[in-house]
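All remarks here apply to the structure that follows.
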Protein chains: 2
Amino acid sequence: MTKPISTKEKLLQAGRELFWTRGYSNVSVRDITGAAGVDAALVSRYFGGKQGLFEATLADLPPWDVLASDREGLLAKAVESFAQPYDPQTDLVNPFMLLLANVIDPVMGDKIRAFVQQGLAAPLAEKLGSAQAQERAAMLLAVLFGVALIRKNFQIQGLADKSPEALRAQITALARAALEFEP
Amino acid sequence: MTKPISTKEKLLQAGRELFWTRGYSNVSVRDITGAAGVDAALVSRYFGGKQGLFEATLADLPPWDVLASDREGLLAKAVESFAQPYDPQTDLVNPFMLLLANVIDPVMGDKIRAFVQQGLAAPLAEKLGSAQAQERAAMLLAVLFGVALIRKNFQIQGLADKSPEALRAQITALARAALEFEP
DNA sequence: TAGGGATGTCAACAAGTGTTGACGACTCCT
DNA sequence: AGGAGTCGTCAACACTTGTTGACATCCCTA
């Protein structure tokens, strides 16, 4: 007996998936409600509007487990989460792609920037704690976002078509350069 | 006596600037024509429509000078073009941002992907010519796009607020790791 | 001077957008 | 049984979107 999914949850799920792939303004309310099999008016009722639904999906992002690891296992964990193939259920690249696909948006850009700044860059720098913590954190994020972008969005051979093992080696090389940076 | 700018050129200029910052579907025809000080109907007349104007700006991108350099100067040149501050006239990060801002678009995504694949990744791999050319090319692009993304779009401290000299050192470290990658 | 092609202006169109309010069906508590 | 609260459905709204066609204006040529 599968437990019934509330329509609020249906909307969150469909919204997350569509916002992730196509970006905020390329997704209409009717696209979401159509995918969720729900009436279009319910977005405004439950979330106060399209914007509210987007912010809900943003607030709903799973925590980045790299931030929960100790300093030693940080690199391995960061690499691992990006070397995995895409899994729609418990995907860790997903949150990054959602952020990636919506920075450009004139409406949501500020919220995305704030989220990345406060939720990713700042805690990462604090965890590193070294002298060049801020630089290294920014560089690591650049590497991770860049790899995700090249793989998922640009789909360029040499990164998009690699096995998890091969990817691990490639990402490790870049991430290590970021984390060991000396001016 | 400044030579008069044709309205076709005005449209190309305004279109490029807006598409670059906000992405294809976040820019309306009236936005562009408003910025250019031109009637909205002229986009359809000159370019056959909004889509035609976008493709024109894409075809109008300046060539990436890294592809014209020899193998030795490649790293230095790639780093240099990304360490410069933003210059609206002869900016080399600009083309990358235009691509970056529009991969997600459901209409233009395919064209962008094809452009990056054929215009950047493939010639770059050919120029490298080594055994892991394809991997290294993809990794270099990941690094460069990632840095541009973190700087311009996410505006994260540690990369966004650095002088050209500091940036050069940081990007070089990452690009070297990409180009010297051994499996 | 007449004609024609390019160039710009204006109003309007059909389609799609997010959102709202009225209405009905349902469940739960007293 | 009655009433209240929740949930979903439907039609309609005001607005923006890209595009089109008719008209006016200019400039060059025959």
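Inspect all residues belonging to segment B:107-118 and state whether any of them is under 30 Å from residue B:164 (Cα atoms) and not in a helix (DSSP H, G or I).
No, segment B:107-118 has no match at all.
Output yes when any residue across segment B:82-91 is away from DNA strand C (no atom under 15 Å from the Cβ), assigned to a helix (DSSP H, G or I) and at negative phi, and no when none is.
Checked segment B:82-91: at least one residue is away from DNA strand C (no atom under 15 Å from the Cβ), assigned to a helix (DSSP H, G or I) and at negative phi.
Looking at residue A:181, is it touching an Asp or Glu at 6+ places or on another chain (Cβ under 7 Å) and at the interface with chain B (Cβ under 8 Å from one of its Cβ atoms)? Talk me through it step by step, then tell me what you get.
Values: touching an Asp or Glu at 6+ places or on another chain (Cβ under 7 Å): yes; at the interface with chain B (Cβ under 8 Å from one of its Cβ atoms): yes.
In short, yes.
Determine which member of the set A:128, A:167 is in the same structural domain as residue A:69 (by TED's automatic domain parsing) and within 19 Å of the chain's Cα centre (by Cα).
Going through A:128, A:167 in turn, the sole match is A:167.
Which condition does residue B:82 not pass, out of (1) surrounded by fewer than 18 Cβ atoms within 10 Å (Cβ to Cβ); (2) assigned by TED's automatic domain parsing to the domain that holds residue B:148, if it passes all the others?
Going through (1) surrounded by fewer than 18 Cβ atoms within 10 Å (Cβ to Cβ); (2) assigned by TED's automatic domain parsing to the domain that holds residue B:148 one by one, residue B:82 breaks only (1).
Would a scan of segment A:19-29 turn up a residue that is more than 21 Å from the chain's Cα centre (by Cα) and assigned to a helix (DSSP H, G or I)?
Yes, the conditions are met somewhere in segment A:19-29.
Kindly evaluate residue A:23 against the criterion of being more than 8 Å from DNA strand C (Cβ to nearest atom) and either crowded, with 19+ Cβ neighbours inside 10 Å or under 26 Å from residue A:124 (Cα atoms) (or both). I'd like the intermediate steps shown before the answer.
Numbers: more than 8 Å from DNA strand C (Cβ to nearest atom): yes; either crowded, with 19+ Cβ neighbours inside 10 Å or under 26 Å from residue A:124 (Cα atoms) (or both): yes.
So residue A:23 passes the test.
Residues of segment B:54-66 being more than 14 Å from residue B:111 (Cβ to Cβ), outside any helix (DSSP H, G or I) and hydrophobic (A, V, I, L, M, F, W, C), which ones? Spell out how you get there, then give the answer.
From segment B:54-66, those more than 14 Å from residue B:111 (Cβ to Cβ) are B:62-66; that's our starting set.
Filter again for outside any helix (DSSP H, G or I), leaving B:62-64.
Residue satisfying the conditions is B:64 alone.
Does segment B:139-147 contain at least one residue that is of a type in the set (A, V, I, L, M) and surrounded by fewer than 21 Cβ atoms within 10 Å (Cβ to Cβ)?
Going through segment B:139-147, the residues of a type in the set (A, V, I, L, M) turn out to be B:139-144, B:147.
With surrounded by fewer than 21 Cβ atoms within 10 Å (Cβ to Cβ) added as a condition, the list becomes none.
No, every residue in segment B:139-147 fails to be of a type in the set (A, V, I, L, M) and surrounded by fewer than 21 Cβ atoms within 10 Å (Cβ to Cβ).
Go through segment B:28-57 residue by residue and tally those that are of a type outside the set (A, V, I, L, M, F, W, C) and within 6 Å of DNA strand D (Cβ to nearest atom). Please lay out each step first, then the result.
Filtering segment B:28-57 down to residues of a type outside the set (A, V, I, L, M, F, W, C) leaves B:28, B:30-31, B:33-34, B:37, B:39, B:44-46, B:48-52, B:55, B:57.
Applying the additional criterion that residues be within 6 Å of DNA strand D (Cβ to nearest atom) yields B:28, B:30, B:44, B:49-51.
Looking only at that region, the number is 6.
Residues to consider are B:44, B:69, B:28; find the one that is within 14 Å of chain A (Cβ to nearest Cβ) and more than 21 Å from residue A:145 (Cβ to Cβ). Show your work before the answer.
Values: B:44 fails: within 14 Å of chain A (Cβ to nearest Cβ); B:69 fails: within 14 Å of chain A (Cβ to nearest Cβ).
Checking each option against the conditions leaves just B:28.
So, in segment B:161-183, exactly how many residues are loosely packed, with under 15 Cβ neighbours inside 10 Å and in a loop (DSSP other than H, G, I, E, B)?
Total meeting the criteria: 5.
Out of B:130, B:44, I need the residue that is touching a helix residue (DSSP H, G or I) at 6+ places or on another chain (Cβ under 9 Å), farther than 27 Å from residue B:5 by Cα and among the polar types (S, T, N, Q). Which one? Write out each step before concluding.
On the way: B:44 fails: farther than 27 Å from residue B:5 by Cα.
Exactly one residue qualifies, and that residue is B:130.
Just name the residue that is farthest from residue A:148 (Cα to Cα) out of those in segment B:133-160 that are more than 7 Å from chain A (Cβ to nearest Cβ) and in a helix (DSSP H, G or I).
Filtering segment B:133-160 for residues more than 7 Å from chain A (Cβ to nearest Cβ) gives B:133, B:136, B:140, B:144, B:148, B:151-152, B:160.
Restricting the remaining residues to those that are in a helix (DSSP H, G or I) gives B:133, B:136, B:140, B:144, B:148, B:151-152.
Details: B:133: 19, B:136: 15, B:140: 13, B:144: 13, B:148: 14, B:151: 16, B:152: 17 Å.
The extreme case among them is B:133.
How many of the residues making up segment A:30-53 are of a type in the set (Asp, Glu) and either more than 8 Å from DNA strand C (Cβ to nearest atom) or in a loop (DSSP other than H, G, I, E, B) (or both)? Let's see the steps before the verdict.
Taking segment A:30-53 first, the residues of a type in the set (Asp, Glu) are A:31, A:39.
Among the residues that remain, those that are also either more than 8 Å from DNA strand C (Cβ to nearest atom) or in a loop (DSSP other than H, G, I, E, B) (or both) are: A:39.
Final tally of qualifying residues: 1.
The values are calculated or read from the model by the stated rules, or taken from the named source; none is laboratory data. These numbers come from a predicted model, not from an experiment. Neighbour counts are summed over all protein chains in view; Cβ atoms, including those assigned to glycine, are modelled from backbone coordinates with ideal geometry.
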